[in-house]
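Visitor: Could you have a look at this structure, given as structure tokens, before my questions?
Read-outs: derived from the displayed coordinates by stated rules, not from any lab. Keep in mind that this is a model prediction, so the values were computed, not measured. Here the Cβ positions follow ideal geometry from the backbone for every residue, glycine too, while neighbour counts run over all protein chains shown.
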Amino acid sequence: MLDTHQTLETPESIDLELHLAGPVVRILAFGFDFGIRLVIQIIAGIILSAFDQVGMAIMMILAFSVEWFYPVFFEVFYQGQTPGKKTMGLTVIHDDGTPIGWSSSIIRNLLRFVDFLPVGYIFGLISMCSNDHFKRLGDFTAGTIVVYVAPKQVTHPIPKDQPLYSPIPLTVDDQRAILNYAERLHNLSPERQRELANHLSPITQRKDNDNVVWVVRVANGLRGNQ
């Protein structure tokens, strides 16, 4: 790959654009989560220190649970995002683009002890830098990848206007392009609106604002707006 973008085709023949997360941003997310786990354990240690050996036993159980099941809890119940991943705009999913489940999350996180070897997650870092999908060893075993969360596309209702029907047949792609243009009209500058609409001048025999109006009216016709 020339960049960290990958196109994944689903069984429904829908192309998903995935932006793979590299080692640096994943290390930053891990550091954020590590800080949270450390604070939890410090506070718990201070409180439980008053209970002598019983408190120490509870603290050991709590430390194990927080260290190993903190990421599993968040990945399963919060769409693949621990607080650290959410802060960095990341999420973990299956290789096929589906949400991560219990078994995959448990496997990828329990295998962190292998990625940690010999010290400081050296094996995990070497693994991420040695493959196109930035997978650590736990990701290979669990069949997961870490990607950036796709930004939500904000669209607006098509501006109301007199419906118009195209004088020539429109393919599905043509119709989709016209509808997308009309829905995003609010986000475009007047200059950009005219620039894009003018690509249709050979069909519309119009220019500039007249072209914009023509596209909006055709979009209303496609939507069946009266």
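Visitor: Using alpha carbons only, how many angstrom separate the centre of the range 63-95 from the centre of the range 197-226?
Guide: Each part reduced to its Cα centre gives a spacing of 47 Å.
Visitor: May I ask you to derive the relative contact order of the range 1-112, considering only C-alpha pairs under 8 Å and at least 6 residues apart, and to give it as an integer percent? Numbers along the way, then the final one.
Guide: On the way: 102 pairs, mean separation 26.5, N = 112.
This gives 24 percent for the range 1-112.
Visitor: Based on other C-beta atoms within 10 Å, arrange 60, 128 from fewest to most. Don't skip to the answer; put the middle values down first.
Guide: Details: 60 11, 128 23.
Arranged by neighbour count, lowest to highest, 60, 128 become 60, 128.
Visitor: Restricting to Cα pairs below 8 Å that are 6+ residues apart, what does the relative contact order work out to for the chain? Please round to a whole percent. Working shown, then result.
Guide: Numbers: 283 pairs, mean separation 38.7, N = 226.
Result for the chain is 17 percent.
Visitor: Please check: in the Gaussian network model of the chain (C-alpha springs, under 10 Å), which one of 205, 53, 41 has the largest mean-square fluctuation.
Guide: Most flexible of the set in this elastic network: 205.
Visitor: I'm checking a number: the convex hull volume of the Cα atoms of the range 172-223, normalised per residue, in Å³. What is it? Working shown, then result.
Guide: Working: hull volume 3.6 nm³, N = 52.
It comes to 69 Å³ per residue, whole-number rounded.
Visitor: Dipole magnitude of the range 79-223 about its Cα centre, charges +1 at Lys/Arg Cβ and -1 at Asp/Glu Cβ only, in debye to the nearest 20? It would help to have the intermediate numbers written out before the result.
Guide: Numbers: 16 positive and 13 negative charges, 74 e Å.
I would put it at about 360 debye.
Visitor: Nothing charged except the Cβ atoms of Lys and Arg (+1) and of Asp and Glu (-1): what's the magnitude of the dipole of the range 5-148 about its Cα centre? Round to the nearest 20 debye.
Guide: Values: 8 positive and 13 negative charges, 106 e Å.
The calculation lands at about 500 debye.
Visitor: For the chain, what is the calculated [θ] at 222 nm in deg cm²/dmol (nearest 500), taking -39500 (n - 2.57) for each run of four or more DSSP H residues and dividing by its residue count? Could the numbers behind the result be given before it?
Guide: Working: 11 runs with 125 residues, N = 226.
Value at 222 nm, helices only, nearest 500: -17000 deg cm²/dmol.
Visitor: May I pose another question? Of the residues 24, 114, 172, which exhibits the maximal mean-square fluctuation in a Gaussian network model of the chain defined by a 10 Å Cα contact cut-off?
Guide: Residue with maximal mean-square fluctuation among 24, 114, 172: 172.
Visitor: When the chain is treated as a GNM, springs tying every alpha-carbon pair under 10 Å, which of 27, 178, 100 comes out with the largest mean-square fluctuation?
Guide: Per the Cα network of the chain with a 10 Å cutoff, 178 tops the list.
Visitor: Over all directions, average the projected area of the Cα convex hull of the chain and note it in nm². Spell out each step's value before the answer.
Guide: Numbers: hull surface 72.4 nm².
Taking a quarter of the hull surface, the average projection is 18.1 nm².
Visitor: Could I ask something else about it? How much net charge surrounds residue 204 when only the other residues with a Cβ under 14 Å from the Cβ of residue 204 are counted, with Lys and Arg +1 and Asp and Glu -1?
Guide: Numbers: positive: 194, 206, 207, 217; negative: 174, 208, 210.
With Lys, Arg at +1 and Asp, Glu at -1, the net is +1.
Visitor: Just to confirm my numbers, what's the Cα centroid distance between the range 112-142 and the range 38-60 in Å?
Guide: 31
Visitor: Give the residue from 221, 180, 200 lying farthest towards the positive end of the charge dipole for the range 172-223; charges sit on Cβ (+1 for Lys and Arg, -1 for Asp and Glu) and the dipole is referred to the Cα centre.
Guide: 221
Visitor: Would you mind checking the tilt of helix 52-77 against the longest principal axis of the Cα atoms of the chain, expressed as 0 to 90 degrees and rounded to 10?
Guide: The helix 52-77 is inclined about 20 degrees to the chain.
Visitor: Out of 29, 118, 104, whose Cα points farthest toward the positive end of the dipole of the chain (charges: +1 Lys, Arg; -1 Asp, Glu; placed on Cβ)?
Guide: Most positive-ward Cα: 29.
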